[in-house]
Each structure stands twice: as structure tokens, then as C-alpha cells.
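The values are calculated or read from the model by the stated rules, or taken from the named source; none is laboratory data. Note that the structure is predicted; figures quoted are calculated from it, not measured. Quick reminder, even Gly has a Cβ in these numbers, built from the backbone with ideal geometry, and neighbours come from all protein chains shown. Side chains are part of the model used for accessible areas, which takes the heavy atoms of the whole protein and leaves out ligands, DNA and RNA. Shrake-Rupley method; radii C 1.70, N 1.55, O 1.52, S 1.80 Å.
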Amino acid sequence: MTEIKGGKFKGKTVTYAPTDRVEAYRRLADEFMMEVFDFLPGDYLITDESSLRDFTDFASSDTLPIWRRITDIYKIEKTDTPSERLVDIFAEIQVRRNIQ
């Protein structure tokens, strides 16, 4: 938790979503963020609740272009995962890598 020190939200606290599952996929997460979004480790913050929609343009929630890139790189489709949360996508990629 972090307490906000100033401004109209002074004294309020912010609680960050957990990152346990993301940490379990740390290497894959770093690779994925670089390959799909061109982010270097440390250039982003993701949690267990992070979703592809968190990385769309402000005026859009269309994840189709992102899914095209994921499919090209990792050979998985949107229908292969239970949600668009990054940890669910990482889990599917990991499963497929373990099979091969």
C-alpha cells in the first residue's frame, strides 16, 4: 500500500493488485512484453489483474491488433485462453512450450 501525500487525494491509500502469478512467469512476461509491445523490463508495471485492454489506445478497447501479433509470435488465439489477462495468456504459452 502507498499513501498519497498531496493533492485532493491526500491521506488516501492505494493498494496494488498482487503479482504472485506474474512473478511465476517473470522471464516469459519480460519476453512477451518485449515481443508484443516493445517494452524493456522495467518499462512497464503489470499485475495478476493486468489485461490486454490495459495496453490499447485510450479511445479504444480493441485488442484484435494485439491478438494478431500474439498469434503470429506465439501461435495462440484468443479462444485458447479463458480471459485477456496477461497471466492467462502466459499460462497458455507456457503449457504449449512444455508440450513441445
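Check cross-link reach from LYS12 to the aspartates and glutamates: straight Cα distance under 17 Å, and skip same-chain residues fewer than eight apart.
GLU3
For region 24-100, with every protein chain kept in place, what is the accessible area per residue (1.4 Å probe, Å²)?
Details: 4840 Å² over 77 residues.
With all protein chains present, region 24-100 gives 63 Å² per residue.
Sorted by average packing, counted as other Cβ atoms within 10 angstrom per residue and highest first, what order do 37-44, 52-59 take?
On the way: 37-44: 11.1, 52-59: 12.6.
Highest-to-lowest ranking by the protection proxy: 52-59, 37-44.
Give me the net charge of ILE66's neighbourhood, meaning all other residues with Cβ under 10 Å from the Cβ of ILE66; Lys, Arg count +1, Asp, Glu -1.
Values: positive: ARG53, ARG68, ARG69, LYS78; negative: ASP62, GLU84.
So the surrounding residues net to +2.
What is region 9-61 by shape, rounded, prolate or oblate, if you read a ≥ b ≥ c off the alpha carbon gyration tensor as root eigenvalues and call it rounded for a/c under 1.5, prolate for a/b larger than b/c, and oblate otherwise? Provide the component values of the computation, followed by the final result.
On the way: a/c = 2.11, a/b = 1.29, b/c = 1.64.
Cα axes put region 9-61 in the oblate bin.
Could you give the size of the charge dipole of the chain about its Cα centre, using +1 on the Cβ of each K and R and -1 on the Cβ of each D and E, expressed in debye and rounded to the nearest 20? Don't jump to the answer; show the numbers that get you there.
Details: 15 positive and 19 negative charges, 63 e Å.
That gives a dipole near 300 debye.
Round to the nearest 0.05 the FRET efficiency obtained for ILE73 and ASP20 when R0 = 22 Å and r is the Cβ-Cβ distance. Working shown, then result.
Details: r = 25 Å, r/R0 = 1.15.
So the FRET efficiency works out to roughly 0.30.
Could you look at the chain and say what percent of its accessible area is carbon and sulfur, using a 1.4 Å probe and all protein chains? Write down the numbers at each step before the final one.
Numbers: 3530 of 6920 Å².
Heavy-atom surface of the chain belonging to carbon and sulfur, 1.4 Å probe: 51 percent.
With label points built 7 Å along Cα→Cβ from the Cα atoms of GLU49 and ASN98, find their separation and express it in nm.
2.7
Determine one quarter of the surface area of the Cα convex hull of the chain, which equals its mean projected area, and express it in nm² to one decimal.
On the way: hull surface 31.3 nm².
Result: 7.8 nm².
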